[in-house]
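Here is the structure we will look at, set down as structure tokens.
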Amino acid sequence: MRIIKAKDYAEMSRKAANIIAAQVIAKPDCVLGLATGGTPVGTYKSLIEDWYKVGDLSFAEVTTVNLDEYRGLPRTNDQSYWYFMHENLFNHVDVRPDAVHVPNGENPDAEAACAEYDAIIKAVGGVDLQLLGIGHDGHIGFNEPADHFPVGTHCVDLTEETIEANKRFFASRDDVPRQAYTMGVGTIMNARKVLLIASGADKAEIVKKSFFGPVTPEVPASILQMHPDFTLVADEAALSLI
Ligand code: F6R
């Protein structure tokens, strides 16, 4: 495990973007695993502004697979992760539209939607670099605390805590979907490199628990301690308890 300390959110975002840019420069046809949420917004912005727009980076040969998607939200809904990724990254760079993949939240058949997504990840050859955020309960993707680490893509019931944390993006709490399709922990662990970003004092407790505590499915992110190429980029506030 490698820890890179940034002074604040802006620096964390730039440092994470630099690592992703380095990956794409070293392997232009790589597979990037991408995340949504508040934390990666600055990272995507830095990739666009500091790398793509100045002509130092192209996504023309890159393939992307996102971690997760709400079940039941159409892609046109502005809270779908499909929409988020287009708003925050894909619409601003030269990635090919047919090279971006997000679990199909519009497919009500959970088993089929998840099997289809695993087949896509397999067909593209697995993930070269997986970007992650971390939930306050240690979730990665939508893999919530459990008694085991799920392997492949699966349908999850969101916890009350996650619904609470995500309601800020919806008109009301009732509008937050109750289920999601998410990549499994096994798929995340199979990524050749994993990069987790964390910012803010509210993440300090879970960062400490995940990366300096026991490895347990009760804290899903803790398994990243076992990953052979795991980098944590966090700001001083998120690292304040370490
Ligand atoms: C997003 C995802 C989630 C978030 C996590 C942290 O695709 O899978 O695990 O990374 O909920 O969210 P933020 O960054 O909003 O604190």
For the peptides 172-184, 56-68, what is the packing order when you average, over each peptide's residues, the other Cβ atoms within 10 Å and list the highest mean first?
56-68, 172-184
Please build a GNM for the chain, connecting alpha carbons under 10 Å apart, and tell me which residue among Phe169, Phe211, Phe230 fluctuates the most.
Phe169
Carbon-plus-sulfur fraction of the accessible area of region 1-105, 1.4 Å probe, in percent?
49
HN-Hα couplings for region 132-144 via Karplus (6.51, -1.76, 1.60; θ = phi - 60°), in whole Hz with x for Gly/Pro, come out as 9, x, 9, x, 5, 9, x, 5, 10, x, 10, 7, 8
Within region 79-112, backbone nitrogen closer than 15 Å to the virtual label 7 Å beyond the Cα of Lys53 toward Cβ:
88-94
Looking at the calculated P(r) for the chain, what percent of the C-alpha pair distances fall above 25 Å?
37
Non-local residues with an amide H under 5 Å from the amide H of Gln130, with H modelled 1.01 Å from N and Pro and chain starts lacking one, are Gly33, Lys193, Val194, Leu195
Region 79-237 accessible area per residue, 1.4 Å probe, protein heavy atoms, integer Å², reads 42
By Kyte-Doolittle mean hydropathy of at least 0.0 and Cα axial length of at least 24 Å, which whole DSSP H helices of the chain are selected?
9-26
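The values are calculated or read from the model by the stated rules, or taken from the named source; none is laboratory data. Keep in mind that what you see is a predicted model, and the values were worked out from it rather than measured. Methodologically, a virtual Cβ is constructed for each residue, glycine included, from the backbone with ideal geometry; neighbour enumeration extends over all protein chains shown. Please note that ligands, DNA and RNA were not included when accessible areas were found on the heavy atoms of the full protein model with its side chains. Shrake-Rupley method; radii C 1.70, N 1.55, O 1.52, S 1.80 Å.
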